[in-house]
1. For the stretch 16-132, what number results from the quotient of the Cα radius of gyration and 2.2 N^0.38 Å?
2. With a sphere of radius 15 Å drawn around the Cβ of ILE85, what net charge do the other residues whose Cβ falls strictly inside it have (Lys, Arg +1; Asp, Glu -1)?
3. Can you list which of the GluC sites (Glu not before Pro) found in the stretch 62-104 are DSSP loop residues with at most 14 other C-beta atoms within 10 Å?
4. Based on the mean of other Cβ atoms within 10 Å per residue, sort peptides 53-64, 122-133 so the most packed one is first.
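Every read-out reported here was derived from the displayed coordinates using simple, explicitly stated rules and does not represent laboratory data. Just so it is clear, the structure is predicted and the values come from calculations on it, not from any experiment. Because the Cβ atoms are built from the backbone with ideal geometry, glycine has one as well, and the counts that use them run over all protein chains shown.
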Amino acid sequence: MCQQTIAPFVIFSAAQMGNYNMSLDVELYYEKDLQEDNIVYEANITHNLNRMATQAGLYYPLWRATDVLAVKQAGELIPLLRAGIKALESNREYFEEFNPENGWGDYEILLSFARAYLVACEGHPYSLVYISR
């Protein structure tokens with residue numbers, strides 16, 4: 001998995017405590033020659049935002065898209081991400097109530113993450129989705 005930082009809200013997946021992964025990694029990729037770098041998008045966000053994501057309808061599209069929703073291609077996420085972003089944008093004050101007390105993540109980080117992921121999905125609708133929690 002590539003460790004390239006693509007946006008200021010990225011928190012590296014190397015931040016682990018024991019066997020507990022502290023973040024969500026998402027990747028969009030194409031199956032090609034195994035010698036090539038097939039990843040067209042990757043991002044990482046703290047698990048501390050999953051309560052806010054749940055309230056916005058983004059938990060399953062972000063955290064559980066491949067195992068629970070059975071998403072294979074990025075294009076399948078587009079309507080789900082749009083709906084979640086619309087929910088976040090519609091009531092900022094409500095969603096800010098779910099900002100983690102420990103300061104790791106906030107409303108703006110989740111909104112930026114979801115927007116960037118949507119743009120990537122729109123740009124690569126036939127790419128495959130990989131999620132690591």
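1. In units of the 2.2 N^0.38 Å rule of thumb, it is 1.07.
2. Here the charged neighbours net out to +1.
3. GLU97, GLU101
4. Packing order, densest peptide first, comes out as 53-64, 122-133.
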